[in-house]
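The values are calculated or read from the model by the stated rules, or taken from the named source; none is laboratory data. In this text, all values refer to a predicted model and were calculated from it rather than measured experimentally. Virtual Cβ from ideal backbone geometry, glycine too; neighbours counted across all protein chains shown. Each accessible area value is taken on the protein alone, full model and side chains, heavy atoms only, with ligands, DNA and RNA left out. Shrake-Rupley method; radii C 1.70, N 1.55, O 1.52, S 1.80 Å.
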Amino acid sequence: MQNATRLWLVAGLLTIASVMLAAEGRTQLSAPPAKSGTRLITLGTRAGPNPTVGRAQSSNLLIVNGAQYVIDAGDGVTRRLTRLGTNFRAIDTIFITHPHSDHTNGLGALLSVMYDANHTSPVNIYGPPGTVASVQGLLDFLAVNSDIRISDGTKVIPASRIFSGHDTGAGTIFQDPNVKVTSVENTHFHFQPGSPGYGKYKSYAYRFDTPDRSVVFTGDTGPGEAVVTLAKGADLLVSEVTGSLDSYKEEQMKTGRWQAMTPEQQAGALRHMSQEHLLPDEVGRMATHAGVKAVVLTHLPATSNPKEDYQGFAAQVKKEFSGPVLVANDLMEF
């Protein structure tokens with residue numbers, strides 16, 4: 001009952017929070033206090049590989065008893081963490097849901113800032129197959145800066161001795177005194193036999209069980225029972241959401257990206273959006289079947305309306321789900 005009351009209070013306070021966040025560019029937010037309990041902060045809430053004004057790409061921060069865990073690292077994650085006043089030396093664990101660019105574009109910058117901030121303890125980056133290769137590529141890039149810093153006497157430890165990537169499977173992939181992390185493969189990838197990614201890359205959803213809350217991140221996914229099972233009884237379902245195919249095509253045409261595609265690429269893009277992402281009603285049905293307490297919508301598609309609040313998505317989710325449905329902004333806490 002206490003958790004349910006807190007969730008309803010959060011829903012009521014979101015209007016106030018949105019007004020406060022509108023002043024983001026003018027007001028320095030305070031650093032996350034090292035207090036007990038579990039806090040979710042949506043760092044970046046934009047979907048897709050194209051950067052946009054106002055929202056960073058996909059990234060989240062889970063704080064459990066003061067310990068910080070980053071989930072995905074899209075472009076802008078470092079600046080969002082800076083807005084929070086984050087101590088970059090205190091981040092030791094990063095999770096990647098899948099190796100699409102809008103979930104990994106900011107990882108190199110994040111690791112670079114952590115290194116330059118004199119982070120000397122081990123930092124582990126966990127994710128599906130491809131994580132080790134991605135981190136190794138970033139370490140090759142960071143080696144130049146690392147060599148220079150060591151040579152000018154400002155650093156003593158190479159970056160390669162601090163950061164480590166880990167390819168994980170499904171099941172329990174991480175556990176410490178604060179959190180147990182469980183992963184399942186979701187339905188975001190459907191590669192054709194013979195394609196470069198077939199049988200090689202996967203996309204995950206994650207469940208974080210802490211002493212006081214359970215938080216599930218769908219990652220990018222289409223409908224699927226594996227995510228529903230993972231989310232059973234969770235306090236928060238942090239879900240991606242997308243709009244109609246017509247709206248997707250319209251936005252792509254405005255940027256010229258659609259016209260630059262071949263007919264085969266256009267067909268593939270429409271298939272990807274229809275089968276490998278979630279419409280609002282699909283989010284609602286998944287939430288109901290899983291029996292979660294509340295839904296947070298993130299990974300929001302770009303629109304030409306700078307004042308778009310995505311409340312229409314929330315209304316559609318609510319047709320299938322009776323609990324609170326909250327639309328995330330960057331730097332919003334749940």
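Annotations
- Complete set of residues in segment 169-187 that are within 22 Å of I63 (Cα to Cα) and either in a loop (DSSP other than H, G, I, E, B) or open to solvent by 60 Å² or more (accessible area, probe 1.4 Å) (or both): T172, Q175, D176, P177, N178, V179, K180
- Unmet criterion (only one of (1) in contact with a helix residue (DSSP H, G or I) (Cβ under 7 Å, 6 or more places away or on another chain); (2) under 19 Å from A231 (Cα atoms)) for T187: (1)
- Some residue of segment 95-113 being modelled with pLDDT of 95 or more and either more than 24 Å from the chain's Cα centre (by Cα) or over 25 Å from R46 (Cβ atoms) (or both): no
- Residue within segment 266-273 that is touching a His at 6+ places or on another chain (Cβ under 9 Å) and at pLDDT below 95 present: yes
- For segment 302-317, a residue qualifies if it is open to solvent by 10 Å² or more (accessible area, probe 1.4 Å) and in contact with a helix residue (DSSP H, G or I) (Cβ under 7 Å, 6 or more places away or on another chain), and the qualifying residues are A302, T303, S304, F313, Q316.
- Evaluation of Q192 against (1) open to solvent by 40 Å² or more (accessible area, probe 1.4 Å); (2) modelled with pLDDT of 95 or more; (3) among the polar types (S, T, N, Q) (one fails), failing number: (2)
- The residue of segment 244-273 that is most open to solvent (accessible area, probe 1.4 Å), among those that are among the aliphatic types (A, V, I, L, M), without any contact (Cβ under 8 Å) to a residue 24 or more places away in the chain and in a helix (DSSP H, G or I), is M253.
- Subset of segment 144-168 [touching a residue at least 24 places away in the same chain (Cβ under 8 Å) and part of a helix (DSSP H, G or I)]: N145, S146, R149, A159
- Close pairs (6 angstrom Cβ cut-off, 6 or more residues apart or separate chains): under 20 Å from G153 (Cβ atoms) in segment 101-119, of a type in the set (K, R) anywhere: A117/R89; H119/R89
- Hits in segment 101-128 - residues which are touching a Phe, Trp or Tyr at 6+ places or on another chain (Cβ under 6 Å) and closer than 18 Å to G197 by Cα: P128
- In segment 176-189, the residues that are over 20 Å from V70 (Cα atoms) form Cβ pairs under 7 Å with partners that are of a type in the set (S, T, Y) and open to solvent by less than 30 Å² (accessible area, probe 1.4 Å), at six or more places apart or across chains, as follows: T187/T221; H188/S203; H188/T221; F189/S203.
- Candidates P263, P223: the one that is modelled with pLDDT of 80 or more and under 25 Å from L61 (Cα atoms) is P223.
- One residue stands out in segment 225-243 among those that are out of contact with any helix residue (DSSP H, G or I) (no Cβ under 6 Å at 6 or more places or on another chain) and open to solvent by 80 Å² or more (accessible area, probe 1.4 Å): the one that is farthest from D212 (Cα to Cα), namely E225.
- Pairs with Cβ under 9 Å, 6+ apart, first in segment 279-296 and open to solvent by 10 Å² or more (accessible area, probe 1.4 Å) and among the hydroxyl-bearing types (S, T, Y), second part of a loop (DSSP other than H, G, I, E, B) and at pLDDT 95 or above: T288/E320; T288/F321; T288/S322; T288/G323
- Within segment 129-143, the set of residues being assigned to a helix (DSSP H, G or I) and either in contact with an Asp or Glu (Cβ under 9 Å, 6 or more places away or on another chain) or modelled with pLDDT under 95 (or both) comprises T131, V132, A133.
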